[in-house]
Amino acid sequence: VALVVAGPRILARFQPHLYAGTVLQADRPAPSLEGLHFTSGQPVTMAGLEGKVTLVLFGYTNCPDECPTAMASLARTMAELSPADRERGRVLMVTVDNARDDATTLERYVTSFDPSFQGVLGPDEVTARVASLYGVFYAPDEEGGSTIDHSISLIGIGSDGALRVVWPPNVSERALASDVRALLG
């Protein structure tokens, strides 16, 4: 009888990555973003997203707190990745405020956090449909203010176009960077 002893470094290679977000076990395609377009005017297609890990955030440029905090955190997360890994990932912010977020405003906003970030927008009914498919809630402030109540989860789509992970708003940049590296493979 032979006894084999494996050290912690060897065992670590065989352990699955523990994600900081909710891992979606079903290997299903991410919901379609059909009807939305980038700030450049180019339509967003699921086929066009394949090949890169895509992080999707629904928000708006006039958000007083959650959106700028999340976008700044995403910028710091992407900065933690190697240049090669950054090339294989992308960040999209889908606006939920089509009344105020035109293409120019949205482009200026997202690229102020990182020049590679992309803004996505579309008609209200399309944005509402897509947000609901991703489990994102948003509604105008009931008191008639200029804010929009919205959920602020971050959604991860794998390079194969499958919905992979949903992160809570309080995920740390280090944990998110580790998760993105795991998604990149």
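Under a Gaussian network description of the chain, with springs only between Cα atoms under 10 Å, the residue in 56, 126, 94 that fluctuates furthest is 126. Per-residue ellipticity at 222 nm from helix content only, as computed over the chain with -39500 (n - 2.57) for each DSSP H run of at least four residues, stands at -9500 deg cm²/dmol. Protein heavy-atom surface of the chain, 1.4 angstrom probe: 55% of the accessible area is carbon and sulfur, with nucleic acids and ligands not counted.
Name the residues of segment 48-69 whose amide N is less than 20 Å from a point 7 angstrom out from the Cα of residue 103 along the C-beta direction? It comes to 48-49, 59-62, nothing else. Extension gain, residue 160 to residue 87, is 24.7 nm, computed as 0.36 nm per intervening residue step minus the present C-alpha separation.
For the chain, what is the accessible area per residue in Å² when the probe is 1.4 Å?
Numbers: 9930 Å² over 185 residues.
Heavy-atom accessible area per residue stands at 54 Å².
The calculated FRET efficiency for residue 15 paired with residue 151, based on their beta-carbon distance and R0 = 41 Å, is about 0.85. The antiparallel fraction among DSSP beta bridges confined to the chain stands at about 65%. The amide H of residue 58, built 1.01 Å from its N in the peptide plane, has 94 as neighbours under 5 Å, considering only residues 5 or more places off or on other chains.
Which FRET efficiency value, to the nearest 0.05, do you get for residue 80 and residue 170 by plugging their Cβ-Cβ distance into 1/(1 + (r/R0)^6) with R0 = 30 Å?
0.95
Our coupling estimate for segment 174-180, obtained by passing each phi through the Karplus curve with A = 6.51, B = -1.76, C = 1.60 and θ = phi - 60°, is 5, 5, 5, 4, 4, 5, 5 Hz, Gly and Pro reported as x.
May I ask you to derive the relative contact order of the chain, considering only C-alpha pairs under 8 Å and at least 6 residues apart, and to give it as an integer percent?
Numbers: 308 pairs, mean separation 60.7, N = 185.
Worked out over the chain, it gives 33 percent.
Taking θ as phi - 60° and the Karplus parameters 6.51, -1.76 and 1.60, the scalar couplings of segment 152-167 work out to 10, 6, 9, 10, x, 10, x, 5, 8, x, 8, 6, 10, 9, 10, 9 Hz in sequence order, x denoting glycine and proline. The residue list 118, 135, 104 was ranked by how far each Cα lies along the charge dipole of segment 100-143 toward its positive end, using unit charges on Cβ atoms, and 118 comes out on top. Computed from backbone phi with θ = phi - 60° and the Karplus coefficients 6.51, -1.76 and 1.60, the 3J(HN,Hα) list for segment 122-139 is x, x, 3, 5, 6, 4, 4, 5, 5, 4, 5, 5, 8, x, 9, 9, 7, 7 Hz; x is used for glycine and proline. Legend: P(r) of the chain from all alpha carbon pair distances, 5 Å bins from 0, whole percents, reading 1, 8, 16, 20, 20, 14, 7, 4, 3, 2, 1, 1, 1, 0, 0, 0.
Between exposed chymotrypsin sites (Phe, Trp or Tyr not before Pro) in the chain, where DSSP calls loop and at most 15 other Cβ atoms lie within 10 Å, what's the longest gap? Present the calculation step by step, with values, prior to reporting the outcome.
Details: sites that count: 14, 137.
With a cap of 15 other Cβ atoms within 10 Å, the longest stretch comes to 15-136.
About its Cα centre, segment 27-185 has a charge dipole of approximately 640 debye under the convention of +1 per Lys or Arg Cβ and -1 per Asp or Glu Cβ, with nothing else charged. By the gyration tensor of its Cα atoms, with a ≥ b ≥ c the square roots of the eigenvalues, what is the shape of segment 132-172: rounded for a/c under 1.5, prolate for a/b over b/c, or oblate? Prolate, because a/c is 1.5 or more and a/b exceeds b/c.
The values are calculated or read from the model by the stated rules, or taken from the named source; none is laboratory data. Quick caveat: nothing in here was measured; it's all calculated off a predicted structure. Methodologically, a virtual Cβ is constructed for each residue, glycine included, from the backbone with ideal geometry; neighbour enumeration extends over all protein chains shown. When the accessible area is computed, the model is the full protein with side chains, heavy atoms only, and any ligands, DNA or RNA have been set aside. Shrake-Rupley method; radii C 1.70, N 1.55, O 1.52, S 1.80 Å.
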